Amino acid sequence: MSSRVEILNDGGYRSDGRRQYELRDIDIDLSQQGTADGCCTITHGLTQVLVTVFGPKEAKMRSQTLHDRAVINVEMNVLPFSTGERRRRARADRRILELAATIKSTFEPVVQTTLYPRSQIDIFVQVLQQDGGLLHACINATTLALISAGIPMTDFVCAVSGGVHSTSPLLDLTTLEENDLPHMTVAVMPRTGKVTLVALETRLHVDRFADIFRLAGDAGQALHKEMKRAVKSRATRLVGAMETGMKPPMGGADAFERDVVMEDKMSF
Amino acid sequence: MVDITIRKRPRTEAVLTQRKFFKKTARGKVIKVLRERYLRDDVGCGIDGCSVCHDLRDFSLPSSGSSAHAQYPNGHFVLPDTNVFLAQMDLMESDLFNPPIILLQTVMEEVRHRSLPLYNRLKALIRAEDKRIWVFYNEYRSETAVIREEGESPNDRNDRGIRMATAWYKTHISLARPPVRGQPSRPSPTVVLLSDDVANRQKAEKEGLVSISVRKYVEALQDTSKLLDLLSAPGSDEVEPTRVASARQALYPDYLPMSTLGAGVKSGQLHQGHFNANQYNYLEGNVPVAAFDKPILLIGRENMNRAVQGDVVAVEVFSESEWKAPADEVVEQETTLRNDDADESEEENDDEEAIAERKVLQAERARREASVRQPTGRVVGIIKRNWRSYVCHIDSTSLTSSNTTSLSQQTVFATPVSRLLPRIRLRTRQAPALLGQKILVTIDRWDSTSRYPEGHFVRALGKVESKEAEQESLLLEFDIPYRPFGKAILDCLPPEGDHWVVPPKTADNPVWRDREDLRDLIICSIDPPGCQDIDDALHARTLPNGNIEAGVHIADVSHFVHPDNPMDSEAAARGTTVYLVDKRIDMLPALLGTNLCSLRPHVERLAFSVIWELTPEADIVNVRFTKSVIASKSAFTYEEAQIRKDDPKLDDDLTKSIRLLNSLAQKLKANRMAAGALNLASPEVKIQLDSSESSDPIDVEQKELRETNSLVEEFMLLANISVARKIEEAFPQTAVLRRHLPPPRSNFEKLQDILQKRKGLTLDVSSSRALADSLDKCLDPNEPAFNTLVRIMATRCMLSAEYFCSGSVARDTFGHYGLASSIYTHFTSPIRRYADVLVHRQLSAAIGYSSLHATLHSKSHVERVLDVVNRRHRMAQMAGRASVEFYVGLALKSRGKGKATTEEAFVIRTFRNGLAVYVSKLGIEGLVTFKRETQFDPDAYTMTVPAASPEAVGTTIAVFDKVTVEIEVEKDKNTQRGRVKMTLRSPVDSSTL
Ligand SMILES: [Zn+2]
């Protein structure tokens, strides 16, 4: 029997009250976590991920050291209570490994690894809560965590998911919608408009693909604004703290500032 | 670029914007579900000219409401509660009832949870052009969203939400009409909460809202008496207690609660299935269920426990010692319950009627050997009612006053036209005026204290036996959509109208893109006489290499009907064109069906062609599919084509082409028969109409079949099979195919037994091939029609063919049993069947002509569409048959000029007190009943009518015997329902029996 929830009703509303092209509420928290060099918690709708970044630092394992650039390691951990059904996932779970590999390959061309030969950058992704759009939340949080660690990147990476209900495209799907619709995740670099990732797990008609692809690109720009605002306000707060004479808790403040300035210049 | 935004959700108000609940999965795991809700301020009120919601463009409510109600002089809007749609849908659908309606999302969702058919009617209502309904998404608007409070039932929460929305509208309207300086402030229209829930009304009034019951509301409208009849029978939840309700004793056992039913069905203690009433015996019904080979038999009123034809019921099976054989007696409701009083205030317990019924049931049932026994059981609950509106007649004897000027309310019986339904009790003030009319009645409820279901009058269809009333009642009875096409649909037609022509062939014309120019081919069409929607044409010619090129050209309907527009949706909902004797209800607007798509002769038309290269032995060398432009050279009738083919003097290309096609068709048919295809029969008669205008039948004749019928048929089958292979290969998940499952062997048991016992013939049903062979051997040298009769009876043992989506069933069940083909579809009649339109789209995509629309990639969408189409096809077939029956009746009347007609007939079934006979010349079945005792031998399928004098030997009549019957159409005295009455003339005269 078909589900009794309408994905998109005749009034143009989705089951949670959003319209087709509306993204869920995003909350970005860039505050310090322990000894991490950079970290970010993104709450996108009811999906919540925490990404911490360590490095760049000297590579530990010789076998994995590259002499001309840094190595990026991604480790992912899905907490058992993150879904409605309590289930412990092994770290070696195929799906988790695949997600980690996807994140790694998304960021390798964006992070300027050549600046740090023979070193490594560790990214830890913790999934606290899941309600659709897991991959795009992880990617967005990783972007911000890398920025807050002061690691130079050529651009932001902004990801968003999109699906199609009959012939109407929808953006930023919840679990309920993901279970019902063919969908994909697209990650763009907003400044150049380049796409660093397209992930499809379901079959999608090629005409619909083009629609969603274009839409997701546009949605990336909207996300970019939101992410940039979070970075700026964090930097402003840190600068404000310095001016009142308090030392910022750990390094990275000026890295922030530089990044923001550079960012502003480059956006011309 | 569309506007992409990020919606903000205040996290502090999580109670309002988040919902947490627990859900149990099918495996029994409990899952915690967390959902968000985004509340917004841009949900419009839908009132024209609203100054607060001005940035929203959609409006459907007039700015000052409606002033048609005496109680609300300032104008008003109606805001109905859920119970209004659940109980009073007929009122809401009436043309006379059209106040501006505010429909809340809460109400829509509640209706959807309670009943999907009602929800679908509600959706149709929202779309209807003459209704003014605005859907207000109150759950998404920040001011009107409600959350369930601690200890509050979902019902109470919804009621509160409805009241909250009413209050919001009240303030919103006053905000939206700010007082204009210098002008007297205009009074604001009232928002009226329409509800039959007394508690909700009381609470609303306490909160300062205006509310009213449906009855009170309707009473103050114009046309009130017509509208009042549309109201459903008041339920027991009404505040005023009904006079004797409490004192009355239950006639039926109560239903078990829904949760118990669900658990019982799951654990296998109860069985779920559709209830089928027995058309010969109203005190018996059966429910086919998966657990037993034979359907579960329900004997008697208490065991059927208020189930109505088509309901999904839960049945408890009795222990095996109580299993019985089905009744062998004809029991008619009218005769047994003739004297029952419609007014329910009478005691309904141990009156005469109940005793009469019991006698019928107890009548010594010589329950036979174990092999014919069926499981018996009783209905313990209804899982889903499938009530709809029924066409009925008012029973004149149930009227207390037939004075036509009387407007007093009377309780009367309505007898449904269908023999499968119980009488319905209804209250009306129009009873005398409705006598002798066909009327539409809806069942509202059936209490355990009432012998009959209670319903209400919907509308009158017209005088009994007037063609309009009979026709409309037929369409309603089989649920056939027959409204004229609306404007939105007609707007999808080409703007040139009937001036549309195939554009001249140029390199850059999009119509000619990838189209083959076949205008020079010698193509012709062969159809029944008077055919206007010609969807197929053929050609054949010899190739230089000695092989033959044959082509089937089908109207290119998908060129005109684009996916997902209003015309396409309407065609999908109609599913098929319905052919009645004197009327055709088109699936597509006539401009397409009978003109632009019809492959008429001497004009250029767009086509979708299947072209084979065949060896002279009719083996396929290769096949190709192409969009094309053709110009048919001639449109033949079957008869003309036959004459032309047989005329030795003719030797032109067209004649040669027909001869070539015919010789190929004969070989194709031989191959098919060798593979085990069945040659089935169904009663086919043709009604001769006087002229197209008067449509008075003159006579009935049997359809004649010519060689050319078979010619066309063979090529259509070949085209369908070739196309089916192609689309299945291209779209293995969503191809639209057609299959015919092999019938379960038990279906044939009875027929096999009769044939064995009466004629000493055996029927081998092990495969379609074996069945075809043994059917060929079922011959009676003295009786050529016997073979046809057996074929008709065998056909009834089979399952019906159905459309399906290739990804939804196992690959090894694709086969078509009747045609003995491993794969099959419908491609050749896109003008009149919707499945063919889908197949055209898929084939077009498979050959790369166009891309496939997204909906045809979705398995669930294809399944949904095909479900509708399958149902429509069944209904259309039954309606067609019923229409023929009606005209046979008329023809009999006009033929006999008041006298009865005498015809030969075959006995097809024997009962304790009657015979079912089949009149092959008229294609109708009838019942002969005896009032006198007869000797009945169920095992030998015979009955013996005792002779008048005790010493003479009685006359024995058996199944397959040929008898002579007198047929007349008589009207039931009470209900005016016309029925065919048959009396036996030979071997014995039954009129005195
Ligand atoms: Zn408004």
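The values are calculated or read from the model by the stated rules, or taken from the named source; none is laboratory data. Only a predicted model underlies this, so the values are computations on that prediction, with no experimental measurement involved. Positions of Cβ are generated from backbone atoms using ideal geometry, with glycine treated the same way; all protein chains shown enter the neighbour counts.
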> Is at least one residue of the range B:159-173 in the same structural domain as B:Gln71 (by TED's automatic domain parsing) and not in a helix (DSSP H, G or I)?
Replying inline: no
> Restricting the search to the range B:573-598, which residues are of a type outside the set (Ser, Thr, Tyr) and more than 20 Å from B:Glu477 (Cα to Cα)?
Replying inline: B:Leu588, B:Pro589, B:Ala590, B:Leu591, B:Leu592, B:Gly593, B:Asn595, B:Leu596, B:Cys597
>> For the range B:745-756, check the following and say yes or no: at least one residue is touching a residue at least 60 places away in the same chain (Cβ under 8 Å) and under 31 Å from the mean Cα position of the chain (by Cα).
In response: yes
>> Take the conditions buried (at least 19 other Cβ atoms within 10 Å of the Cβ), within 11 Å of the ligand (Cβ to nearest atom) and closer than 25 Å to B:Asn155 by Cα and apply them to B:Cys45. Does it pass?
In response: yes
> Taking into account only those residues within the range B:187-206 that are in a strand (DSSP E or B) and more than 11 Å from B:Asn83 (Cβ to Cβ), which is nearest to the chain's Cα centre (by Cα)?
Replying inline: B:Leu193
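Output the residues belonging to the range B:262-296 that are in a strand (DSSP E or B) and within 19 Å of B:Ile382 (Cβ to Cβ).
To start, the set of residues in the range B:262-296 that are in a strand (DSSP E or B) comprises B:270-274, B:276-277, B:281, B:284-287, B:296.
Of everything in the range B:262-296, those that are in a strand (DSSP E or B) and within 19 Å of B:Ile382 (Cβ to Cβ) turn out to be B:Leu270, B:His271, B:Gln272, B:Gly273, B:His274, B:Asn276, B:Ala277, B:Glu284, B:Gly285, B:Asn286, B:Val287, B:Ile296.
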> Out of (1) at pLDDT 90 or above; (2) of a type outside the set (Lys, Arg); (3) under 27 Å from the mean Cα position of the chain (by Cα), the odd one out for B:Val610 is which?
Replying inline: (3)
> Taking the range B:809-868 as the region of interest, how many residues are more than 14 Å from chain A (Cβ to nearest Cβ), among the small types (Gly, Ala, Ser) and over 30 Å from B:Ser598 (Cβ atoms)?
Replying inline: 4
> If we keep just the residues of the range B:21-40 that are touching a strand residue (DSSP E or B) at 6+ places or on another chain (Cβ under 7 Å) and surrounded by fewer than 11 Cβ atoms within 10 Å (Cβ to Cβ), which is modelled with the lowest pLDDT?
Replying inline: B:Thr25
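Could you check, for the range B:842-849, whether at least one of its residues is in contact with an Asp or Glu (Cβ under 8 Å, 6 or more places away or on another chain) and outside the structural domain of B:Ala573 (by TED's automatic domain parsing)?
Let us first name the residues in the range B:842-849 that are in contact with an Asp or Glu (Cβ under 8 Å, 6 or more places away or on another chain), namely B:846, B:849.
Those still in the list that are outside the structural domain of B:Ala573 (by TED's automatic domain parsing) too: none.
The answer is no; no qualifying residue exists.
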> Has the range A:49-70 got at least one residue that is surrounded by fewer than 20 Cβ atoms within 10 Å (Cβ to Cβ), closer than 30 Å to A:Arg237 by Cβ and at pLDDT 90 or above?
Replying inline: yes
> Only one of these conditions is not met by B:Thr171: (1) within 16 Å of the ligand (Cβ to nearest atom); (2) away from every other protein chain (no Cβ under 12 Å); (3) in contact (Cβ under 8 Å) with a residue 24 or more places away in the chain. Which number is it?
Replying inline: (3)
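Wholly within the range A:1-86, which strands (runs of 3 or more DSSP E) include no fewer than the required count, namely at least 2 residues that are within 14 Å of chain B (Cβ to nearest Cβ) and among the polar types (S, T, N, Q)?
Details: elements: A:26-29, A:38-44, A:47-58, A:71-78.
In the range A:1-86, A:38-44, A:47-58 are the strands (runs of 3 or more DSSP E) which contain 2 or more residues that are within 14 Å of chain B (Cβ to nearest Cβ) and among the polar types (S, T, N, Q).
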> Which of (1) surrounded by fewer than 18 Cβ atoms within 10 Å (Cβ to Cβ); (2) under 29 Å from the mean Cα position of the chain (by Cα); (3) within 14 Å of chain A (Cβ to nearest Cβ) is the odd one out, the single condition B:Ile133 does not satisfy?
Replying inline: (1)
